[in-house]
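**Student:** Provided herewith is a single structure, encoded as structure tokens, for subsequent inquiry.
The values are calculated or read from the model by the stated rules, or taken from the named source; none is laboratory data. Just so it is clear, the structure is predicted and the values come from calculations on it, not from any experiment. Positions of Cβ are generated from backbone atoms using ideal geometry, with glycine treated the same way; all protein chains shown enter the neighbour counts. These accessible areas exclude ligands, DNA and RNA; they are computed on the full protein's heavy atoms, side chains included. Shrake-Rupley method; radii C 1.70, N 1.55, O 1.52, S 1.80 Å.
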Amino acid sequence: MSTPSLLILPGDGIGPEVMAEVRKIIDWYGAKRDLAFEVSEDLVGGAAYDKHGTPLHDDTMARAQEVDAVLLGAVGGPKYDELDFSVKPERGLLRLRKEMDLFANLRPAQCFDALSHFSSLKQEVVAGLDIMIVRELTSGVYFGEPRGIFEEGNERVGINTQRYTESEIDRVARSAFELARKRGGKLCSMEKANVMESGILWREVVNRVGQDYPDVELSHMYADAGAMQLTRWPKQFDVIVTDNLFGDLLSDLAAMLTGSLGMLPSASLGAPMGNGRPKALYEPVHGSAPDIAGQGKANPIACILSFAMALRYSFDKGDEAARLERAVEEVLADGLRTADLLGEEGVAPVSTAEMGDAIVAKLEASL
Ligand code: NAD
């Protein structure tokens with residue numbers, strides 16, 4: 001089998017700092033688990049703009065299309081705020097998502113026991129939480145036509161269109177069923193079939209796809225009720241699949257059940273390539289955190305857990321992903337905290353590099 005390939009795009013702000021810790025972990029897997037990657041690194045966002053005058057060079061885009069997975073840090077920063085919209089750092093990320101046609105956005109909400117007091121919900125509601133939201137990412141109301149602000153009579157009207165084809169629903173539903181199959185075997189689909197035709201079609205297609213997955217327990221919920229249930233008793237869910245707009249809201253809500261932005265990974269998956277692997281981009285949910293960039297304060301765990309997702313979903317190494325997640329859990333249980341996770345009295349924060357080193361040490365101890 002050929003060596004799996006990874007394109008690393010550290011980006012701006014804390015992106016390069018957290019990615020340096022992921023590099024340590026990639027090196028460890030190569031040296032100790034016989035799991036070597038062909039790693040290339042390139043620029044994205046403001047860093048790419050500084051060098052090339054564009055937030056994503058065509059060569060980088062082409063490379064992203066070739067590799068088995070892309071791992072991105074973060075883009076943006078105040079230095080680029082005044083740039084024209086067409087060359088803003090975020091455009092680089094949006095181009096990657098669009099041209100790779102990454103239609104399924106995976107946002108896990110996992111609560112590590114050692115951090116359960118960070119949630120705004122009661123500890124017993126979130127302790128041990130492990131759910132996955134699959135958000136449709138490339139269609140729906142953010143893309144549907146017509147859209148715009150138009151004159152109508154003597155006033156203006158703002159229009160966006162919720163639009164889903166059967167095939168767009170089918171492919172994201174399939175991704176969610178596959179995931180549910182690899183996890184707890186339960187899938188809840190959320191829409192507003194009570195008031196939206198696109199929701200009626202969504203439910204119909206999800207039911208149809210479900211016939212190919214008799215081993216997955218499928219349920220449906222209106223998205224507003226879903227929001228309530230997510231805050232009332234989130235542990236009732238395993239995988240949730242929903243459209244772009246509802247997914248935007250529900251995944252942020254679910255993310256905050258767990259407490260800190262520095263802990264949240266994500267994956268965006270597209271269609272399977274020739275080798276059966278989906279096109280894939282892995283990135284932490286957080287941004288470039290310019291307020292702490294360059295100070296060694298950033299929490300690298302979101303980026304490290306994004307790499308764990310790559311191990312599981314792009315490279316079919318679920319055991320190794322679990323090993324890495326366990327290593328993270330253990331350093332947290334030992335009381336190690338970067339500054340964003342502080343709160344307990346008498347605990348001094350560790351640096352970005354110290355957190356990375358501690359996770360590598362736990363990996364080493366797992367052998
Ligand atoms: P942000 O996520 O960068 O930061 C929000 C707050 O969380 C800050 O106080 C920051 O210090 C803290 N934080 C974030 N990640 C952290 C980590 N790993 N460890 C410790 N603390 C962390 O969001 P923002 O401040 O709204 O945006 C800053 C820049 O990032 C902007 O230019 C924005 O456009 C960009 N952005 C990029 C992405 C992305 O690359 N996917 C996502 C969101 C924002």
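**Student:** Quick test of your reading of the structure: Asp238 fulfils all but one of (1) closer than 30 Å to Cys303 by Cβ; (2) in contact with a Gly (Cβ under 8 Å, 6 or more places away or on another chain); (3) surrounded by fewer than 16 Cβ atoms within 10 Å (Cβ to Cβ). Name the failing condition by number.
**Tutor:** (3)
**Student:** To continue, here is another question. May I ask you to say which residue of Arg147, Arg181, Arg203 is at pLDDT below 95, touching an Asp or Glu at 6+ places or on another chain (Cβ under 7 Å) and not assigned by TED's automatic domain parsing to the domain that holds Val285?
**Tutor:** Details: Arg147 fails: touching an Asp or Glu at 6+ places or on another chain (Cβ under 7 Å); Arg203 fails: at pLDDT below 95.
Sole residue among the options that is at pLDDT below 95, touching an Asp or Glu at 6+ places or on another chain (Cβ under 7 Å) and not assigned by TED's automatic domain parsing to the domain that holds Val285: Arg181.
**Student:** Kindly check whether there is at least one residue in region 213-231 that is in contact (Cβ under 8 Å) with a residue 60 or more places away in the chain, open to solvent by less than 10 Å² (accessible area, probe 1.4 Å) and not aliphatic (A, V, I, L, M). Even if it seems obvious, please write down each step before you answer.
**Tutor:** If we filter region 213-231 for residues that are in contact (Cβ under 8 Å) with a residue 60 or more places away in the chain, which is where we start, we get 231.
The next check asks that each one be open to solvent by less than 10 Å² (accessible area, probe 1.4 Å); those that pass are none.
Taking every residue of region 213-231 in turn, none turns out to be in contact (Cβ under 8 Å) with a residue 60 or more places away in the chain, open to solvent by less than 10 Å² (accessible area, probe 1.4 Å) and not aliphatic (A, V, I, L, M).
**Student:** In region 241-256, what count of residues is obtained for those that are crowded, with 21+ Cβ neighbours inside 10 Å and either under 20 Å from Leu129 (Cα atoms) or without any contact (Cβ under 8 Å) to a residue 12 or more places away in the chain (or both)?
**Tutor:** Residues of region 241-256 crowded, with 21+ Cβ neighbours inside 10 Å: 241-244, 246-247, 250-251, 254.
Those left that are additionally either under 20 Å from Leu129 (Cα atoms) or without any contact (Cβ under 8 Å) to a residue 12 or more places away in the chain (or both): 241-242, 247, 250-251, 254.
The total comes to 6.
**Student:** Determine, yes or no, whether Leu137 is in the same structural domain as Arg208 (by TED's automatic domain parsing), within 16 Å of the ligand (Cβ to nearest atom) and in contact with a strand residue (DSSP E or B) (Cβ under 7 Å, 6 or more places away or on another chain). If you could, list the steps in order and put the result at the bottom.
**Tutor:** Details: in the same structural domain as Arg208 (by TED's automatic domain parsing): yes; within 16 Å of the ligand (Cβ to nearest atom): yes; in contact with a strand residue (DSSP E or B) (Cβ under 7 Å, 6 or more places away or on another chain): yes.
Yes.
**Student:** Please verify whether Ser260 is within 16 Å of the ligand (Cβ to nearest atom), within 30 Å of Pro4 (Cα to Cα) and touching a residue at least 60 places away in the same chain (Cβ under 8 Å), treating the condition exactly as stated.
**Tutor:** Numbers: within 16 Å of the ligand (Cβ to nearest atom): yes; within 30 Å of Pro4 (Cα to Cα): no; touching a residue at least 60 places away in the same chain (Cβ under 8 Å): yes.
No.
**Student:** Any chance you could count how many residues in region 10-55 are within 16 Å of the ligand (Cβ to nearest atom), hydrophobic (A, V, I, L, M, F, W, C) and over 17 Å from Leu305 (Cβ atoms)?
**Tutor:** Of the residues in region 10-55, 4 are within 16 Å of the ligand (Cβ to nearest atom), hydrophobic (A, V, I, L, M, F, W, C) and over 17 Å from Leu305 (Cβ atoms).
**Student:** If you don't mind, another one. Condition first: outside any helix (DSSP H, G or I), more than 16 Å from the ligand (Cβ to nearest atom) and closer than 20 Å to Val22 by Cβ. Now tell me which residues in region 57-90 satisfy that. Working first, answer last.
**Tutor:** Filtering region 57-90 for residues outside any helix (DSSP H, G or I) gives 57, 67-77, 81-84, 88.
Narrowing further to those that are more than 16 Å from the ligand (Cβ to nearest atom): 57, 67-69.
Across region 57-90, the qualifying residues are Val67, Asp68, Ala69.
**Student:** Can you name the residue in region 6-31 that is part of a helix (DSSP H, G or I) and small (Gly, Ala, Ser) and, of all such residues, is most open to solvent (accessible area, probe 1.4 Å)?
**Tutor:** The selected residue is Ala31.
**Student:** Taking interchain pairs and intrachain pairs at least six residues apart, which have beta carbon atoms under 6 angstrom, with the first residue in region 269-288 and at positive phi and open to solvent by 20 Å² or more (accessible area, probe 1.4 Å) and the second at pLDDT below 85 and within 16 Å of the ligand (Cβ to nearest atom)?
**Tutor:** Close Cβ pairs satisfying both conditions: none exist.
**Student:** Among the residues that make up region 345-361, is at least one of them at pLDDT 95 or above, among the small types (Gly, Ala, Ser), assigned by TED's automatic domain parsing to the domain that holds Arg23 and under 21 Å from the mean Cα position of the chain (by Cα)? Step through it out loud before you land on a result.
**Tutor:** Restricting attention to region 345-361, the residues satisfying the condition of being at pLDDT 95 or above are 350-361.
Subsequent filtering for residues that are among the small types (Gly, Ala, Ser) retains 351, 353, 356, 358, 361.
This time we only want the ones that are assigned by TED's automatic domain parsing to the domain that holds Arg23, so: 351, 353, 356, 358, 361.
So of that shortlist, the ones also under 21 Å from the mean Cα position of the chain (by Cα) come out as 356.
Yes - at least one qualifying residue is present in region 345-361.
**Student:** Name the pairs: first residue in region 295-318 and within 19 Å of Gly30 (Cβ to Cβ), second residue of a type in the set (Gly, Ala, Ser) and open to solvent by 10 Å² or more (accessible area, probe 1.4 Å), Cβ to Cβ under 6 Å, at least 6 apart or on different chains?
**Tutor:** Arg312/Gly318
**Student:** Do you know which of the residues in region 310-331 that are on the phi < 0 side of the Ramachandran plot and in a loop (DSSP other than H, G, I, E, B) is nearest to the ligand (Cβ to nearest atom)?
**Tutor:** Our first condition is that a residue be on the phi < 0 side of the Ramachandran plot; within region 310-331, this holds for 310-315, 317-331.
Next, from what is left, pick out any that are in a loop (DSSP other than H, G, I, E, B): 314-315, 317.
Numbers: Ser314: 19, Phe315: 22, Lys317: 24 Å.
Checking each candidate, the answer is Ser314.
**Student:** Here is a follow-up. Among the numbered criteria (1) assigned by TED's automatic domain parsing to the domain that holds Leu187; (2) open to solvent by less than 60 Å² (accessible area, probe 1.4 Å); (3) not charged (D, E, K, R), which one does Leu102 miss?
**Tutor:** (1)
**Student:** So, one more: Arg95 is checked against (1) modelled with pLDDT under 95; (2) assigned to a loop (DSSP other than H, G, I, E, B); (3) touching a helix residue (DSSP H, G or I) at 6+ places or on another chain (Cβ under 7 Å) and fails just one. What number does that condition carry?
**Tutor:** If we test Arg95 against (1) modelled with pLDDT under 95; (2) assigned to a loop (DSSP other than H, G, I, E, B); (3) touching a helix residue (DSSP H, G or I) at 6+ places or on another chain (Cβ under 7 Å), just (2) comes out false.
**Student:** Out of the residues in region 58-74 that are surrounded by fewer than 20 Cβ atoms within 10 Å (Cβ to Cβ) and under 23 Å from the mean Cα position of the chain (by Cα), state the one that is farthest from Arg91 (Cα to Cα). Write out each step before concluding.
**Tutor:** Kept after step one, since they are surrounded by fewer than 20 Cβ atoms within 10 Å (Cβ to Cβ), are these residues of region 58-74: 58-59, 61-63, 65-66.
Now narrow it down to the ones that are under 23 Å from the mean Cα position of the chain (by Cα): 61-63, 65-66.
Values: Met61: 12, Ala62: 16, Arg63: 17, Gln65: 17, Glu66: 20 Å.
Here the residue is Glu66.
**Student:** If I ask for residues that are at pLDDT below 95 and away from the ligand (no atom under 12 Å from the Cβ), which ones from region 270-309 would you list?
**Tutor:** If the condition is that a residue be at pLDDT below 95 and away from the ligand (no atom under 12 Å from the Cβ), then Gly270, Ala271, Pro272, Met273, Gly274, Asn275, Gly276, Arg277, Pro278, Lys279 are the ones that fit.
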